[in-house]
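The values are calculated or read from the model by the stated rules, or taken from the named source; none is laboratory data. Since we're looking at a predicted model, the values are computed, not measured. When we count neighbours, we look across all protein chains shown, and the Cβ atoms used for this are built from the backbone with ideal geometry, even at glycine. Side chains are part of the model used for accessible areas, which takes the heavy atoms of the whole protein and leaves out ligands, DNA and RNA. Shrake-Rupley method; radii C 1.70, N 1.55, O 1.52, S 1.80 Å.
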Amino acid sequence: MLIATALLVPIGRGEVLAAVSSDLRPIVVSRVSQEYPKLFDLYKHLHAHPELSFKEEQTAARIAGELKNLGFEVTAKVGGHGLVGVLKNGSGPTVLVRTDLDALPVKEQTGLPYASKAEAVDETGNDVEVMHACGHDVHMTVFVGVARLLTQHKDHWKGTLVMIGQPAEERGAGARAMLKDGLFTRFPKPDYCLALHVKPDLPAGSVGCVEGHALGNVDSVDVTIRGVGGHGAWPHRTRDPIVLAAETVLALQTIVSREIAPGEPAVVTVGSIHGGAKHNIIPDEVKLQLTLRSYTDEVRQQTIAAINRITRGLAQAAGIPEDRLPVITVRDEFTPATYNDPTLTRRVAAALKAWLGDGNVVAAKPVMGGEDFSEYGRTKDKIPICIFWLGAVTAESVRESLATGKSLPSLHSSQFAPDPEPTIKTGVTAMTATVLELMGKP
Ligand SMILES: [Zn+2]
Ligand SMILES: [Zn+2]
């Protein structure tokens with residue numbers, strides 16, 4: 001996912017008290033330190049061996065092996081390369097913890113000694129370089145650390161722990177595939193679902209929570225604006241799709257500014273425009289690619305309807321024949337908005353404050369990135385879900401960025417290089433604390 005820089009403030013004190021005391025904290029923190037060298041080796045291995053979405057075979061096998069060694073009952077190939085590990089530990093709530101597995105077609109340029117040199121063939125047959133540019137290698141390392149900590153401290157919690165490795169997050173497809181393959185029917189159905197994601201502008205050592213909508217609806221839309229091509233010197237004999245595309249791109253800007261109610265967040269971005277081959281030829285068509293973002297189903301539908309109306313209406317105004325009107329396709333790789341259950345999120349934030357300190361738990365702002373973790377809260381069961389942000393960079397780099405106005409490398413950047421030790425240690429501690437909050441013995 002791609003996120004914007006957010007203004008961060010500490011969450012208000014003492015709104016909700018953590019139900020389980022943080023007495024275990026010193027023990028867990030010291031265990032995390034003991035585990036760290038092995039976790040760092042795992043991190044370096046995962047970082048150097050990234051796999052693209054739908055191709056996470058080796059990655060999934062490695063994570064499955066880690067869970068099996070800890071005594072989890074592991075099922076592989078759930079929704080593609082997804083894996084489900086179940087650990088039953090008496091009667092109590094069922095809690096699902098999710099990591100994503102996939103990497104991106106990005107050539108790593110961090111200069112790190114363990115930088116990825118991996119290459120792969122993408123879904124269109126092109127040779128690409130591959131990098132964990134979204135930090136899913138951090139998520140997996142933290143996930144394994146949490147599994148180790150919780151198995152070492154089984155006497156402090158009860159219930160059923162379901163730990164899943166989800167494929168194809170970057171394609172917005174993996175969560176849906178795992179649900180379709182029986183995640184909530186073949187395995188114990190969770191009472192809560194948890195995840196975390198690294199945040200590239202939040203200092204390592206801290207975490208960020210958002211109640212309610214945390215990430216947006218993501219739609220990809222293809223628009224083919226068709227005209228009637230011909231010679232560039234005889235424009236009157238044509239219907240020029242380039243001029244029409246230019247008008248359309250500008251008119252689409254009015255959807256957010258003039259049609260969506262102020263206060264309702266939405267984004268319409270035309271990210272790609274291609275048409276024509278030569279100076280003196282008016283082409284037959286121009287292709288646009290759009291990304292749409294919103295939080296609610298209503299705004300999403302309103303935006304899609306407006307794109308259809310404006311694109312079609314402008315074509316008619318330009319005299320495009322009925323059989324050459326634009327073709328508008330909303331791709332089915334839709335990622336729905338992530339809604340963090342407010343009650344669960346308050347409870348998680350309170351536990352995190354008790355474990356990490358008030359000042360290390362910030363109220364992050366919602367962003368328009370997408371995350372298919374949302375799907376686990378959108379089935380008919382309406383399971384409460386919560387994903388929180390994990391700080392991943394040095395405090396100095398955040399300070400320098402604020403002072404100079406120079407942005408830090410974002411997620412998906414070839415330069416994105418998390419600060420591993422404090423990030424992984426805080427991630428393991430934070431997620432372990434969260435699970436203990438929900439499953440801990442009073
Ligand atoms: Zn991503
Ligand atoms: Zn991601």
Rounded to 5, the percent of DSSP beta bridges in the range 72-209 classed as antiparallel: 60 percent
Quick one: plug the Kirkwood hydrodynamic radius of the chain (C-alpha pairs) into Stokes-Einstein at 4 °C, 1.567 mPa s, and report D in µm²/s. 56 µm²/s
Beta carbons within 10 angstrom, averaged per residue: use that to sort the peptides 335-341, 272-278, highest first. 335-341, 272-278
Can you tell me what percent of all Cα-Cα pairs in the range 188-301 are more than 18 Å apart? 66 percent
Counting Lys and Arg as +1 and Asp and Glu as -1, each charge on the Cβ, what is the dipole of the chain about the Cα centre in debye, to the nearest 20? 720 debye
Leading residue at positive end of dipole, the range 115-227 (Cβ point charges), from Val121, Val144, Ala214: Val144
Amide H neighbours of Gly208 under 5 Å, counting only residues 5+ apart in sequence or on other chains, H built in-plane at 1.01 Å? Val362, Trp389, Leu390, Gly391
For a protection proxy built on the mean count of beta-carbon atoms within 10 angstrom, sort 283-290, 81-88 highest first, please. 81-88, 283-290
Rough spin-label spacing in nm, given labels placed 7 Å along Cα→Cβ, for Ser401 and Ala251: 3.9 nm
Which lysines, on any chain, are close to Lys380 with Cα under 17 Å apart, when same-chain ones fewer than 8 places away are left out? Lys180, Lys189
Taking all protein chains as present, what is the carbon and sulfur share of the accessible area of the chain, in % to the nearest whole number, probe 1.4 Å? 53 percent
Suppose a student asked you for the relative contact order of the range 18-127, using Cα pairs under 8 Å spaced at least 6 residues apart; what percent would you report? 28 percent
Restricting to DSSP loop positions (anything but H, G, I, E, B) with no more than 10 other Cβ atoms inside 10 Å of their own Cβ, which trypsin sites (Lys or Arg not before Pro) remain in the range 360-433? Lys380, Lys382, Lys406
Could you go through the range 420-431 in sequence order and give the Karplus-derived ³J(HN,Hα) for each residue, using 6.51 cos²θ - 1.76 cosθ + 1.60 with θ = phi - 60°, rounded to whole Hz, and x for Gly and Pro? x, 4, x, 5, 5, 4, 5, x, 5, 4, 5, 6
Anything over 25 Å Cα to Cα? Flag those among Lys199/Lys441; Lys44/Lys199; Lys88/Lys382; Lys38/Lys199; Lys154/Lys382; Lys38/Lys406, in the order listed. Lys199/Lys441; Lys154/Lys382; Lys38/Lys406
Based on alpha-carbon atoms only, what is the radius of gyration of the range 227-289 relative to the globular estimate 2.2 N^0.38 Å? 1.41
From the phi of every residue in the range 149-162, what ³J(HN,Hα) in whole Hz does the Karplus formula 6.51 cos²θ - 1.76 cosθ + 1.60 yield, where θ is phi - 60° and glycine or proline is x? 4, 6, 6, 5, 10, 4, 6, 9, 8, 9, x, 10, 9, 10
Theoretical ellipticity at 222 nm over the chain - DSSP helices of four or more residues, -39500 (n - 2.57) apiece, nearest 500: -10500 deg cm²/dmol
If you take every DSSP beta bridge fully contained in the chain, what fraction is antiparallel? Give it as a percent rounded to 5. 70 percent
About the Cα centre of the range 50-132, what is the dipole size in debye to 20, counting +1 per Lys and Arg Cβ and -1 per Asp and Glu Cβ, all else neutral? 480 debye
Taking a probe of 1.4 Å and leaving out DNA, RNA and ligands, the chain shows per residue an accessible area in Å² of 43 Å²
Which one of Leu112, Thr379, Val367 is farthest out on the positive end of the charge dipole of the chain, using unit charges on Cβ (Lys, Arg +1; Asp, Glu -1) and the Cα centre as origin? Thr379
Calc'd 3J(HN,Hα), the range 346-351, phi into Karplus 6.51 cos²θ - 1.76 cosθ + 1.60 (θ = phi - 60°), Hz, glycine/Pro = x, comes to 5, 5, 4, 4, 5, 5
Projected convex hull area of the range 47-202, Cα atoms, direction-averaged, in nm², equals 10.0 nm²
